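> Take this structure, written in structure tokens, and hold onto it; I'll ask about it next.
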Amino acid sequence: MDLSDPGPWLLLVAGAHLGFQVTVDLVVYPALAEVPDDRRAEAHARHSRRITPVVAVLYPVLVGLLGWTAVAGPLEAGTWMALLGAAVAAGTTALVAAPAHRRLASAPPEERPALVLRLVRADRVRTAGAAVCALGALLLGA
């Protein structure tokens, strides 16, 4: 393995991102959805405190590796797939999940179930984006 090649690093981090998204999609958000309304705000606050360090480490590294991969070239199908998948995941986070999280933090109890459902649905899109990104990274290494 050539450590100066971004491809293997991208595959490693895109795989970690996919694992993270699958865990959130299949474990974290369903568990949050099952919390009774009267405890959901507290559960959401705990979730936010716990997940923020993971996101703060993973996403900048992924973005940096995607940039390195795009600059290092060549711009092959795998590169475009990785960039597109990550853009879908990041765009869904910025446009849907982050606003829903912010709203959930202070929403009245009657709005919380719909917001959690919005998070669950958004996370399915983010997971699909992470899968496309990881597949693109895999194609770069093939």
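The values are calculated or read from the model by the stated rules, or taken from the named source; none is laboratory data. None of these values were measured; they are calculated from a predicted model. Glycine also receives a Cβ, built like all others from the backbone with ideal geometry; neighbour counts cover every protein chain displayed.
> Working carefully through the options ALA98, ALA86, find the one that is within 15 Å of the chain's Cα centre (by Cα) and either under 13 Å from LEU66 (Cβ atoms) or among the charged types (D, E, K, R) (or both).
On the way: ALA98 fails: either under 13 Å from LEU66 (Cβ atoms) or among the charged types (D, E, K, R) (or both).
Only one candidate qualifies: ALA86.
> Which residues, taken from the stretch 109-119, are surrounded by fewer than 16 Cβ atoms within 10 Å (Cβ to Cβ) and under 17 Å from the mean Cα position of the chain (by Cα)? Steps first, please.
Initially, the stretch 109-119 is screened for residues surrounded by fewer than 16 Cβ atoms within 10 Å (Cβ to Cβ), giving 109-111, 113-114, 117.
Result: LEU117, single match.
> Do the conditions hold for THR92, that is, is it in contact with a Lys or Arg (Cβ under 6 Å, 6 or more places away or on another chain) and either in a helix (DSSP H, G or I) or in contact (Cβ under 8 Å) with a residue 40 or more places away in the chain (or both)?
Numbers: in contact with a Lys or Arg (Cβ under 6 Å, 6 or more places away or on another chain): yes; either in a helix (DSSP H, G or I) or in contact (Cβ under 8 Å) with a residue 40 or more places away in the chain (or both): yes.
Yes; evaluated as a whole, the condition is true for this residue.
> When both residues are 6+ apart or on different chains and their Cβ atoms are under 8 Å apart, which pairs have a first residue that lies in the stretch 99-127 and is at positive phi, and a second that is modelled with pLDDT under 90 and loosely packed, with under 13 Cβ neighbours inside 10 Å?
Between residues of the stretch 99-127 that are at positive phi and residues that are modelled with pLDDT under 90 and loosely packed, with under 13 Cβ neighbours inside 10 Å, there is no close pair.
> Looking only at residues in the stretch 1-43 that are surrounded by 13 or more Cβ atoms within 10 Å (Cβ to Cβ), over 19 Å from ALA89 (Cβ atoms) and free of Cβ contacts under 8 Å to residues at least 12 places away in the same chain, which one is farthest from the chain's Cα centre (by Cα)?
Here the residue is VAL35.
> Just to be sure, is ARG40 modelled with pLDDT of 90 or more and assigned to a helix (DSSP H, G or I)? First the steps, then the outcome.
Values: modelled with pLDDT of 90 or more: no; assigned to a helix (DSSP H, G or I): yes.
Against the criterion (modelled with pLDDT of 90 or more and assigned to a helix (DSSP H, G or I)), ARG40 does not qualify.
> Here's something else I'd like to know. Go through the stretch 44-59 and give me each residue that's exposed (fewer than 15 other Cβ atoms within 10 Å of the Cβ) and of a type in the set (A, V, I, L, M, F, W, C).
Of everything in the stretch 44-59, those that are exposed (fewer than 15 other Cβ atoms within 10 Å of the Cβ) and of a type in the set (A, V, I, L, M, F, W, C) turn out to be ALA45, ILE51, VAL54, VAL55, ALA56, VAL57.
Okay, residues lined up against (1) surrounded by fewer than 17 Cβ atoms within 10 Å (Cβ to Cβ); (2) at pLDDT below 90; (3) under 18 Å from GLY15 (Cα atoms):
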| site | (1), (2), (3) |
| --- | --- |
| VAL61 | yes, no, yes |
| LEU65 | no, no, yes |
| PRO74 | yes, yes, no |
| ALA87 | yes, no, yes |
| PRO99 | yes, no, no |
| LEU104 | no, yes, no |
| ALA107 | no, yes, no |
| ALA131 | no, no, yes |
| GLY141 | yes, yes, yes |
